[in-house]
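Below is one structure, written out as structure tokens; the observations come after it.
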Amino acid sequence: MSGIIASRRAGAGKRPSNVASEPRWVRAILIGLAGLFLGVAVLLPLSVVFAAAFSKGFDPCWRALTEPETFSAIQLTLLTAAISVPLNTVFGIAAAWLIARYDFWGKSALTTLIDLPFSVSPVIAGLIFVLLFGAQGFWGPWLSAHDVKIIFAVPGIVIATTFVTFPLVAREVLAVMQAQGSDEEQAALTLGAGGLAILLRITLPKIRWGAIYGVILSNARAMGEFGAVSVVSGHIRGQTNTMPLHIEILYNEYNFVGAFTVAALLASLSLVTLFVKKSVELRAALQLRRSAISPAELPPSLTAASDPSPRAGLSAHPNAGRA
């Protein structure tokens, strides 16, 4: 019986793929449609943003970037990302470790709560924090009595951004941990290794590509977040405006050159993030080919990028579109 199953599997492995056997004209049409969609939906808007930014020359762009309010918005955006991304990394790895390595009552509920920011509108998330930390909120009187300001201040922006971007690292690392199992950790524990040594020498090296990929996605989302930050920031110019909020203010004031200049800078940061993401994917694929790393150590998106089979392009990570 096992020989029959093995022979059937071998024959199934040699069966030609329906995708690979499609006529060239069908593939050409599909590639052309995909390229046309990307050109209209991605490349054309980016080109318009950069063209509008430099429509009146370089000097107006430079003046728009060197304005104190613009500089403050850039600083606040980078500060928010610099605080929320490390927090998400620590919380994400801890949550993924808890879910992947332990069985406990409420495990499915915890997994659902991790995905909650994906299903809740960012505006609703901002309103939740206003109801919690606002002047008339649940903790508002206590915060006011102790002269602690969260809403319409930097702490509120950081909290809202951290909430919105929390699932990105957790989901990436969780998928890797569940795929690779815990055999090596258990073996190290049997040999007398401590918990910290297991974490630093076994677990973190095995999940590094998933963690790096989640950090990149979290950073991209943190810099571009608008909805939740718009609710909790108060739109105080020069104090609580991030780059997306500053772009909206400049555009509403008909300062199109300034708005598109800041938008071009934010788009450039996004392109840099995309370049880093692609570099991580290529490096992971290269290391996968050169060493004996199991594909289970990589997140699904990186495994698909390194798989030369035609089916690799059919799999996509569910969080990739949230960046």
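Quick note: the coordinates plus some simple rules give every number you see, no bench work behind them. Everything numeric here is computed off the predicted structure, so don't read it as measured data. Methodologically, a virtual Cβ is constructed for each residue, glycine included, from the backbone with ideal geometry; neighbour enumeration extends over all protein chains shown.
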Can you work out the Karplus-derived ³J(HN,Hα) for every residue in segment 67-74? Use 6.51 cos²θ - 1.76 cosθ + 1.60 with θ = phi - 60°, whole Hz, and x for glycine or proline. 5, x, 5, 5, 4, 5, 5, 5
Dividing the convex hull volume of the Cα atoms of segment 87-183 by its residue count, what figure in Å³ per residue is obtained? 115
Chain lengthening between Leu204 and Phe91 when straightened (0.36 nm per residue, less Cα-Cα): 39.3 nm
Give me the one-decimal nm value for the distance between modelled label points at Val276 and Ala34, 7 Å along each residue's Cα-to-Cβ direction. 2.7
Provide the packing ranking of 138-151, 170-183, 215-228, i.e. peptides ordered by the mean count of other C-beta atoms within 10 Å per residue, highest first. 215-228, 170-183, 138-151
Which order, highest average first, do 26-34, 128-136 follow once you tally other Cβ atoms within 10 Å for each residue and take the mean per peptide? 128-136, 26-34
Dimensionless Rg/Rh of segment 59-140 - Kirkwood Rh, Rg from C-alpha atoms: 1.15
Protection proxy ranking, peptides 36-47, 152-163, average beta carbon neighbours within 10 Å, highest first: 152-163, 36-47
For segment 168-219: rounded, prolate or oblate by the Cα gyration tensor [a/c cutoff 1.5]: prolate
